[in-house]
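Visitor: Here it is, the structure, as structure tokens.
Just so you know, all these numbers are worked out from the coordinates, no wet-lab data involved. Since the structure is predicted, the reported quantities are computational estimates derived from the model, not experimental observations. In this analysis, Cβ positions are derived from the backbone assuming ideal geometry, glycine residues included, and neighbour counts consider all displayed protein chains.
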Amino acid sequence: MPASSTAPAPPTRDSPTRPAHRWWLLIAMCTAQLMVILDATIVNVALPDAQSDLGFASADRHWVVTAYALVFGSLLLVGGRVADLVGRRRAVLIGLAGFGLASALGGAADSLTTLVLARALQGLFGALLAPATLAVITTTFTDEGERGRAFGIYGAVAAGGGAVGLLLGGVLTEYASWRWTLYVNTVLAAVGVVGALATLAHQERVRGQRPDLAGAATITVGLFGLVFGFSNAYESGWSAPLTVVCLAGGALLVAAFLVVEARVADPILPLRVLTSRVRGASLLVLFLGSVGLFAETLFLTYYLQENLGFTPLQAGLAFLPQTLGAVGASLASGILLRRLPARVLLPVGTLVAAGGALLLGRIDGSADYAAVVLPGSVLIGAGIGLAFSIAVNLGVFGVRDEDAGVASAAVAAVQQMGGSIGPSLFNTIAGTVVAGYLATRPAGADVEAEAAAYSYSVAFYIAAAVLAGAALTSAALLRAHGRRDTRDRTR
């Protein structure tokens, strides 16, 4: 929170921002958020079955994942401002209904084109839904003690949802059909709509603002270019012309967006949202934490199935301890925040995750799951769960009510960008390591397996360095802020 801001006064019991059914409201919002997070990973496990059923080429199956990431990532900031302008209750209901219908379309798809279209529509409605749900929680839980617990629960969903998606995707694909990895969202959307109608009161929309068309165009195209560029780097390499053009063009447009926002009267992203050291530290942790987390999930999935011979379902179950660690640490964050300041807990959580990645760096061609993989993944889950729940809390703390949607969108956007960069960057690193390993050894299946495991080990060590860097930088930012004003314990 900026130094000039003050913590919000505790609302009275009959305040509309603190409804009596606020905990049921939190469950409804977390159900909606879980649906969005699940969709980033749940389809991955089902892709081979979907490909066999619909008959599309292996070269095209990445579009099933990329279509969602492209639309979701590029429209998040616009979606956050739209939620502020149309009213968050309306945004939540439209997002839930649209996401559920898009999921039903994808589950019934009879071609790759229909499936990709459905995934793009999921991204569209997800970009409206994700910031709206977080903004509702932000403006509902203003009491310091309750806010910590609420964001601990929300953080548990954010930190554990991806691993739950892998597990649920494996179960549904093996025992039902790949189509149910999409249909399940329709069920969750229906539950979310009922919960939102029952608990979410009408909230006034922001009035009198003119549409920021220049800002919307530059940030949407800019983020699209960045997400597509990182996705294309995974497929074609960092030196591919399309990758270079998309990344350079996207970066220039994002820079142009910041210039536009400083000049227009009613910006999509008021720059006051970004001027807090606290918010800067939280966004940094969310971004770099997502880079490390998605890289760990990606390579650990490969390692479990290709090196240790796990089935998709077994691989999903192997992530369960990590998920439980993330959920437990997230839920504990609300209690810990009453005893220790966030400027201590945020770096500590990130350092714990770095220690987990460091342990995973010890893997080789046939490492024992219980001795190496299990402790490392549990530490990553616990560290990320603690850090993310606190970072999300700080990322939206102290913003004006009319900025809650776009601040929430900024939180979601940095996580999405980290999730896009992580796999692309670390796949490139791993590919380079494999090539160097094989160049100095005789060919053979065993050597290739060893090369893959060695590349994963290197990737985990680099992920540990990224997470440690996030911890140290956030500690410096929060310490500098704390010297100016230590009255608010959430700092």
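Visitor: Measuring from label point to label point, each 7 Å out along Cα→Cβ, what is the residue 238 to residue 176 span in nm?
Guide: 4.1 nm
Visitor: At 0.36 nm per residue, and after removing the present C-alpha to C-alpha distance, how many nm does the segment from residue 465 to residue 190 gain when stretched out fully? Let's see the in-between values first.
Guide: Values: separation 275, 0.36 × 275 = 99.00 nm, distance 4.19 nm.
Result: 94.8 nm gained on full extension.
Visitor: Percent of alpha carbon pairs in the stretch 16-132 separated by more than 19 Å?
Guide: Considering the stretch 16-132, 48 percent of its Cα-Cα pairs are separated by more than 19 Å.
Visitor: At 222 nm, what helix-only mean residue ellipticity would the chain give, in deg cm²/dmol to the nearest 500, using -39500 (n - 2.57) for each DSSP H run of four or more?
Guide: Rounded to the nearest 500, the figure is -26500 deg cm²/dmol.
Visitor: Would you calculate the separation in nanometres between label points at residue 314 and residue 439, each defined as 7 Å from the Cα along the Cα-to-beta-carbon direction?
Guide: 3.5 nm
Visitor: Between residue 264 and residue 24, what is 0.36 nm times their sequence separation minus the Cα-Cα distance? Round to one decimal in nm.
Guide: Value of the extension gain: 82.5 nm.
Visitor: Which of 46, 124, 67 sits closest to the plus end of the dipole of the stretch 45-189, meaning its Cα is farthest towards the positive end, when Lys and Arg get +1 and Asp and Glu get -1 on the C-beta?
Guide: Result: 124, furthest along the dipole toward the positive end.
Visitor: Only helices at least 20 Å long along their axis, Cα-based, and averaging 1.0 or more on Kyte-Doolittle count here, so list those DSSP H runs from the chain.
Guide: Long hydrophobic helices here: 22-38, 62-86, 112-140, 180-199, 213-236, 241-263, 277-302, 320-336, 342-360, 374-396, 404-439.
Visitor: So what's the net charge close to residue 455: Lys and Arg +1, Asp and Glu -1, counting the other residues with Cβ under 13 Å from its Cβ?
Guide: Cβ neighbours under 13 Å give a net charge of -4.
Visitor: Loop only per DSSP, at most 10 neighbouring Cβ atoms within 10 Å: give me the trypsin sites (Lys or Arg not before Pro) in the stretch 318-381, ordered by residue number.
Guide: Listed in order of number, the matching sites are 339.
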